[in-house]
Ligand SMILES: [Mg+2]
(Lines give C-alpha, C1' and ligand atoms only; values in the text may rest on other atoms or scores of the structure.)
Protein backbone atom coordinates (compact mmCIF):
# COMPACT_ATOMS: atom_id res chain seq x y z
CA UNK A 1 0.00 0.00 0.00
CA UNK A 2 1.39 3.42 -0.86
CA UNK A 3 0.62 6.87 0.51
CA UNK A 4 -2.26 7.46 -1.89
CA UNK A 5 -3.88 4.11 -1.10
CA UNK A 6 -3.52 4.88 2.61
CA UNK A 7 -5.36 8.16 2.17
CA UNK A 8 -7.99 6.55 -0.05
CA UNK A 9 -8.55 3.54 2.24
CA UNK A 10 -8.47 5.21 5.63
CA UNK A 11 -9.02 8.94 5.31
CA UNK A 12 -11.38 9.63 2.41
CA UNK A 13 -14.76 9.46 4.08
CA UNK A 14 -15.89 13.09 4.03
CA UNK A 15 -18.49 13.88 1.40
CA UNK A 16 -18.96 17.33 -0.04
CA UNK A 17 -22.02 19.28 1.07
CA UNK A 18 -22.82 22.31 3.17
CA UNK A 19 -19.84 24.63 3.14
CA UNK A 20 -17.51 22.02 1.63
CA UNK A 21 -17.22 22.33 -2.13
CA UNK A 22 -14.20 20.06 -2.53
CA UNK A 23 -12.89 17.58 0.04
CA UNK A 24 -9.91 15.16 0.18
CA UNK A 25 -8.41 14.41 -3.22
CA UNK A 26 -7.30 17.67 -4.83
CA UNK A 27 -4.39 20.00 -4.10
CA UNK A 28 -6.60 21.93 -1.68
CA UNK A 29 -10.05 21.63 -0.21
CA UNK A 30 -12.54 24.35 -1.14
CA UNK A 31 -14.54 25.81 1.75
CA UNK A 32 -17.43 28.23 1.60
CA UNK A 33 -17.94 30.21 4.77
CA UNK A 34 -20.79 32.46 5.83
CA UNK A 35 -20.45 36.21 5.39
CA UNK A 36 -21.49 36.97 8.94
CA UNK A 37 -19.07 34.48 10.53
CA UNK A 38 -15.42 34.59 11.54
CA UNK A 39 -13.24 31.56 10.88
CA UNK A 40 -11.19 30.42 13.88
CA UNK A 41 -8.34 28.00 13.41
CA UNK A 42 -5.89 26.15 15.61
CA UNK A 43 -3.34 23.35 15.36
CA UNK A 44 -2.11 20.77 17.85
CA UNK A 45 0.46 18.02 17.49
CA UNK A 46 0.82 14.83 19.50
CA UNK A 47 4.22 13.12 19.51
CA UNK A 48 4.96 9.59 20.67
CA UNK A 49 7.10 9.58 23.80
CA UNK A 50 5.95 13.07 24.77
CA UNK A 51 2.16 13.24 24.57
CA UNK A 52 1.48 9.52 24.61
CA UNK A 53 3.49 6.36 25.20
CA UNK A 54 4.41 3.51 22.88
CA UNK A 55 1.59 1.45 24.46
CA UNK A 56 -1.16 3.98 23.73
CA UNK A 57 -3.81 2.44 21.49
CA UNK A 58 -4.26 3.89 18.00
CA UNK A 59 -7.95 4.60 18.76
CA UNK A 60 -6.96 6.65 21.82
CA UNK A 61 -4.26 8.55 19.91
CA UNK A 62 -6.74 9.46 17.17
CA UNK A 63 -9.41 10.44 19.67
CA UNK A 64 -7.13 12.67 21.67
CA UNK A 65 -5.51 14.30 18.65
CA UNK A 66 -8.91 15.51 17.45
CA UNK A 67 -10.38 16.14 20.92
CA UNK A 68 -7.63 18.57 21.95
CA UNK A 69 -8.18 20.53 18.77
CA UNK A 70 -11.94 20.56 19.33
CA UNK A 71 -11.22 21.85 22.82
CA UNK A 72 -9.46 24.91 21.35
CA UNK A 73 -12.50 25.55 19.16
CA UNK A 74 -14.69 25.20 22.29
CA UNK A 75 -12.59 27.79 24.10
CA UNK A 76 -13.43 30.30 21.34
CA UNK A 77 -17.15 29.57 21.59
CA UNK A 78 -17.05 28.43 17.98
CA UNK A 79 -18.65 25.67 15.97
CA UNK A 80 -16.12 23.13 14.58
CA UNK A 81 -16.45 22.61 10.82
CA UNK A 82 -13.36 21.12 9.18
CA UNK A 83 -9.97 19.64 10.01
CA UNK A 84 -6.82 18.49 8.24
CA UNK A 85 -4.59 15.67 9.42
CA UNK A 86 -0.84 15.35 9.05
CA UNK A 87 0.14 11.83 9.99
CA UNK A 88 3.74 10.66 10.27
CA UNK A 89 3.98 6.90 10.76
CA UNK A 90 6.99 4.57 10.94
CA UNK A 91 5.30 2.01 8.62
CA UNK A 92 2.00 1.34 6.90
CA UNK A 93 0.25 -1.01 9.32
CA UNK A 94 -3.32 -1.56 8.03
CA UNK A 95 -4.78 -2.82 11.32
CA UNK A 96 -3.30 0.13 13.25
CA UNK A 97 -4.56 2.52 10.59
CA UNK A 98 -8.00 0.92 10.60
CA UNK A 99 -8.43 1.47 14.35
CA UNK A 100 -6.98 4.97 14.15
CA UNK A 101 -9.24 5.91 11.28
CA UNK A 102 -12.43 4.46 12.82
CA UNK A 103 -11.91 6.31 16.07
CA UNK A 104 -11.14 9.57 14.27
CA UNK A 105 -14.19 9.17 12.10
CA UNK A 106 -16.49 8.40 15.04
CA UNK A 107 -15.39 11.47 17.00
CA UNK A 108 -15.54 13.69 13.92
CA UNK A 109 -19.09 12.47 13.23
CA UNK A 110 -20.21 13.13 16.76
CA UNK A 111 -19.09 16.76 16.52
CA UNK A 112 -20.04 17.12 12.86
CA UNK A 113 -16.54 18.23 11.88
CA UNK A 114 -15.15 17.00 8.59
CA UNK A 115 -11.72 15.76 7.48
CA UNK A 116 -10.86 17.74 4.36
CA UNK A 117 -7.23 16.93 3.63
CA UNK A 118 -3.79 16.42 5.04
CA UNK A 119 -0.56 14.60 4.48
CA UNK A 120 1.04 11.28 5.34
CA UNK A 121 4.79 10.76 5.71
CA UNK A 122 7.15 8.13 7.01
CA UNK A 123 8.94 8.78 10.28
CA UNK A 124 8.54 8.57 14.07
CA UNK A 125 4.83 8.54 15.02
CA UNK A 126 3.44 12.05 15.09
CA UNK A 127 -0.16 13.22 14.65
CA UNK A 128 -0.86 16.81 13.80
CA UNK A 129 -4.32 18.25 13.28
CA UNK A 130 -5.37 21.69 12.09
CA UNK A 131 -8.95 22.58 12.82
CA UNK A 132 -11.29 25.25 11.49
CA UNK A 133 -14.42 26.49 13.16
CA UNK A 134 -16.81 29.35 12.72
CA UNK A 135 -18.38 31.80 15.09
CA UNK A 136 -20.69 34.74 14.52
CA UNK A 137 -18.60 37.89 13.86
CA UNK A 138 -17.65 39.65 17.08
CA UNK A 139 -18.79 36.82 19.36
CA UNK A 140 -15.60 34.74 19.64
CA UNK A 141 -14.50 34.26 23.25
CA UNK A 142 -10.96 35.44 23.90
CA UNK A 143 -8.47 35.42 26.75
CA UNK A 144 -8.38 39.18 26.95
CA UNK A 145 -11.79 40.27 28.25
CA UNK A 146 -11.69 39.51 32.00
CA UNK A 147 -12.62 42.50 34.21
CA UNK A 148 -12.02 43.15 37.92
CA UNK A 149 -14.98 41.76 39.87
CA UNK A 150 -15.76 38.98 37.34
CA UNK A 151 -16.24 35.50 38.75
CA UNK A 152 -13.95 32.65 37.61
CA UNK A 153 -15.58 29.37 36.65
CA UNK A 154 -14.29 25.89 35.73
CA UNK A 155 -16.26 23.21 33.90
CA UNK A 156 -16.16 19.58 35.03
CA UNK A 157 -13.37 18.42 37.36
CA UNK A 158 -9.62 18.96 37.46
CA UNK A 159 -6.68 16.64 38.01
CA UNK A 160 -7.70 13.15 36.90
CA UNK A 161 -5.69 13.21 33.68
CA UNK A 162 -2.58 14.34 35.54
CA UNK A 163 -3.09 11.56 38.12
CA UNK A 164 -3.00 9.00 35.32
CA UNK A 165 -0.19 10.70 33.43
CA UNK A 166 2.04 10.86 36.49
CA UNK A 167 1.16 7.31 37.51
CA UNK A 168 -0.31 8.52 40.84
CA UNK A 169 -3.56 6.65 40.31
CA UNK A 170 -4.26 4.59 37.24
CA UNK A 171 -7.82 3.31 36.97
CA UNK A 172 -10.54 3.36 34.32
CA UNK A 173 -11.78 6.82 35.16
CA UNK A 174 -8.39 8.56 35.36
CA UNK A 175 -7.24 6.86 32.15
CA UNK A 176 -10.44 7.84 30.40
CA UNK A 177 -9.88 11.47 31.36
CA UNK A 178 -6.27 11.29 30.08
CA UNK A 179 -6.99 9.48 26.82
CA UNK A 180 -10.48 10.69 26.02
CA UNK A 181 -10.97 14.29 27.12
CA UNK A 182 -14.44 15.76 26.49
CA UNK A 183 -14.34 18.84 24.26
CA UNK A 184 -16.78 21.36 25.76
CA UNK A 185 -18.09 22.60 22.43
CA UNK A 186 -21.67 23.18 23.49
CA UNK A 187 -20.61 24.96 26.65
CA UNK A 188 -18.31 27.29 24.69
CA UNK A 189 -21.12 28.22 22.34
CA UNK A 190 -23.55 28.85 25.19
CA UNK A 191 -20.98 31.10 26.85
CA UNK A 192 -20.50 33.55 23.96
CA UNK A 193 -23.09 36.06 25.31
CA UNK A 194 -22.18 35.34 28.95
CA UNK A 195 -18.40 35.03 29.45
CA UNK A 196 -15.92 37.88 29.29
CA UNK A 197 -12.93 35.58 28.67
CA UNK A 198 -12.30 31.88 28.17
CA UNK A 199 -9.47 29.36 27.74
CA UNK A 200 -9.27 25.58 27.68
CA UNK A 201 -7.09 23.99 30.36
CA UNK A 202 -4.39 22.05 28.56
CA UNK A 203 -1.30 22.99 30.59
CA UNK A 204 -2.95 23.18 34.02
CA UNK A 205 -5.21 25.73 35.71
CA UNK A 206 -2.33 27.79 37.08
CA UNK A 207 -0.72 28.34 33.71
CA UNK A 208 -3.89 28.68 31.66
CA UNK A 209 -5.75 31.01 34.04
CA UNK A 210 -2.44 32.88 34.07
CA UNK A 211 -2.86 33.48 30.31
CA UNK A 212 -6.28 35.05 30.93
CA UNK A 213 -4.78 37.28 33.62
CA UNK A 214 -1.86 38.48 31.53
CA UNK A 215 -3.95 39.02 28.37
CA UNK A 216 -6.62 40.87 30.38
CA UNK A 217 -4.08 42.76 32.57
CA UNK A 218 -5.82 41.73 35.78
CA UNK A 219 -5.15 39.46 38.77
CA UNK A 220 -7.19 36.86 40.62
CA UNK A 221 -8.06 35.45 44.01
CA UNK A 222 -8.92 31.77 44.01
CA UNK A 223 -9.82 29.32 46.76
CA UNK A 224 -8.24 25.86 46.41
CA UNK A 225 -11.01 24.35 48.53
CA UNK A 226 -13.43 25.23 45.75
CA UNK A 227 -11.56 23.41 42.96
CA UNK A 228 -13.88 20.80 41.47
CA UNK A 229 -12.25 17.37 41.95
CA UNK A 230 -13.20 13.71 41.65
CA UNK A 231 -12.90 11.48 44.72
CA UNK A 232 -9.62 10.09 43.35
CA UNK A 233 -8.07 13.55 43.18
CA UNK A 234 -9.58 14.64 46.52
CA UNK A 235 -8.14 11.55 48.24
CA UNK A 236 -4.73 12.25 46.75
CA UNK A 237 -4.76 15.89 47.84
CA UNK A 238 -5.98 14.97 51.34
CA UNK A 239 -3.30 12.35 51.86
CA UNK A 240 -0.39 14.25 50.29
CA UNK A 241 -1.38 17.90 51.00
CA UNK A 242 -0.09 18.44 47.47
CA UNK A 243 -2.36 20.64 45.38
CA UNK A 244 -0.26 20.55 42.21
CA UNK A 245 -2.34 17.87 40.49
CA UNK A 246 -5.61 19.85 40.31
CA UNK A 247 -3.94 23.28 40.39
CA UNK A 248 -1.14 22.81 37.90
CA UNK A 249 -1.56 19.34 36.32
CA UNK A 250 -2.41 19.40 32.64
CA UNK A 251 -4.56 17.65 30.08
CA UNK A 252 -7.91 18.51 31.71
CA UNK A 253 -9.42 20.11 28.60
CA UNK A 254 -12.04 21.78 30.71
CA UNK A 255 -12.98 25.40 30.09
CA UNK A 256 -11.90 28.14 32.48
CA UNK A 257 -13.94 31.30 31.94
CA UNK A 258 -14.82 34.57 33.59
CA UNK A 259 -18.26 36.19 33.78
CA UNK A 260 -19.70 39.26 35.49
CA UNK A 261 -21.47 38.61 38.83
CA UNK A 262 -24.74 39.59 37.17
CA UNK A 263 -24.39 36.49 34.96
CA UNK A 264 -24.14 34.05 37.86
CA UNK A 265 -27.73 32.80 37.46
CA UNK A 266 -27.27 32.45 33.73
CA UNK A 267 -24.15 30.31 34.32
CA UNK A 268 -26.13 28.13 36.74
CA UNK A 269 -28.89 27.71 34.14
CA UNK A 270 -26.35 26.63 31.50
CA UNK A 271 -24.83 24.19 33.98
CA UNK A 272 -28.13 22.48 34.68
CA UNK A 273 -29.22 22.49 31.03
CA UNK A 274 -25.96 20.85 29.93
CA UNK A 275 -25.83 18.68 33.03
CA UNK A 276 -22.23 19.82 33.51
CA UNK A 277 -20.87 21.26 36.77
CA UNK A 278 -19.65 24.86 36.39
CA UNK A 279 -17.88 25.78 39.60
CA UNK A 280 -16.98 29.26 40.76
CA UNK A 281 -13.43 29.11 42.16
CA UNK A 282 -12.77 32.79 42.79
CA UNK A 283 -12.76 36.27 41.41
CA UNK A 284 -10.82 38.57 39.10
CA UNK A 285 -9.02 41.42 40.86
CA UNK A 286 -7.67 44.78 39.74
CA UNK A 287 -4.45 44.03 41.60
CA UNK A 288 -2.24 42.11 39.13
CA UNK A 289 -1.43 39.17 41.42
CA UNK A 290 -2.31 35.47 41.40
CA UNK A 291 -3.59 35.01 44.97
CA UNK A 292 -4.36 31.53 46.24
CA UNK A 293 -5.97 30.63 49.55
CA UNK A 294 -6.82 27.31 51.16
CA UNK A 295 -3.42 25.62 50.85
CA UNK A 296 0.16 25.92 49.72
CA UNK A 297 0.96 25.86 46.01
CA UNK A 298 4.50 27.16 46.09
CA UNK A 299 5.97 23.89 44.88
CA UNK A 300 3.54 23.92 41.91
CA UNK A 301 5.01 27.08 40.35
CA UNK A 302 7.75 25.06 38.73
CA UNK A 303 5.55 22.01 38.24
CA UNK A 304 6.26 20.57 34.85
CA UNK A 305 3.68 18.48 33.12
CA UNK A 306 6.22 16.75 30.93
MG1 LIG B 1 -5.94 26.00 24.10
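The values are calculated or read from the model by the stated rules, or taken from the named source; none is laboratory data. Note that this is a predicted model, so its numbers are computed, not measured. All Cβ positions, glycine included, derive from the backbone under ideal geometry; neighbour counts span all protein chains shown.
Structure data summary
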read-out	value
Residue among 262, 214, 272, 239 that is free of Cβ contacts under 8 Å to residues at least 12 places away in the same chain, more than 21 Å from residue 78 (Cβ to Cβ) and within 16 Å of the ligand (Cβ to nearest atom)	214
Search result, residues across the range 194-228 that are over 18 Å from the mean Cα position of the chain (by Cα) and closer than 15 Å to residue 247 by Cβ	213, 220, 221, 222, 223, 224, 225, 226, 227
Matching residues, the range 275-291, being in contact (Cβ under 8 Å) with a residue 24 or more places away in the chain and surrounded by fewer than 20 Cβ atoms within 10 Å (Cβ to Cβ)	276, 277, 279, 280, 283, 285, 286, 287, 288, 289, 290, 291
Residue within the range 39-60 that is over 24 Å from residue 250 (Cα atoms), in the same structural domain as residue 127 (by TED's automatic domain parsing) and either away from the ligand (no atom under 16 Å from the Cβ) or at pLDDT 95 or above (or both) present	yes
Residue check for residue 36: in contact (Cβ under 8 Å) with a residue 24 or more places away in the chain and crowded, with 16+ Cβ neighbours inside 10 Å	no
Residue match in the range 87-100 (condition: on the phi > 0 side of the Ramachandran plot, touching a residue at least 24 places away in the same chain (Cβ under 8 Å) and outside any strand (DSSP E or B))	no
Contacts under 6 angstrom Cβ, first residue in the range 53-77 being without any contact (Cβ under 8 Å) to a residue 60 or more places away in the chain, partner part of a helix (DSSP H, G or I) and away from the ligand (no atom under 13 Å from the Cβ), 6 or more apart	58/96; 58/99; 58/100; 59/99; 59/103
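Per-residue answers, yes or no, for (1) buried (at least 18 other Cβ atoms within 10 Å of the Cβ); (2) within 16 Å of the ligand (Cβ to nearest atom); (3) under 30 Å from residue 263 (Cα atoms):
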site: 164; (1), (2), (3): yes, no, no
site: 167; (1), (2), (3): no, no, no
site: 170; (1), (2), (3): no, no, no
site: 178; (1), (2), (3): yes, no, no
site: 181; (1), (2), (3): yes, yes, yes
site: 196; (1), (2), (3): yes, no, yes
site: 199; (1), (2), (3): yes, yes, yes
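Results for (1) surrounded by fewer than 19 Cβ atoms within 10 Å (Cβ to Cβ); (2) more than 18 Å from residue 45 (Cβ to Cβ); (3) within 16 Å of the ligand (Cβ to nearest atom), shown as yes or no for each residue.
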position	(1), (2), (3)
65	no, no, yes
76	no, yes, yes
83	no, no, yes
93	yes, yes, no
122	yes, no, no
127	no, no, no
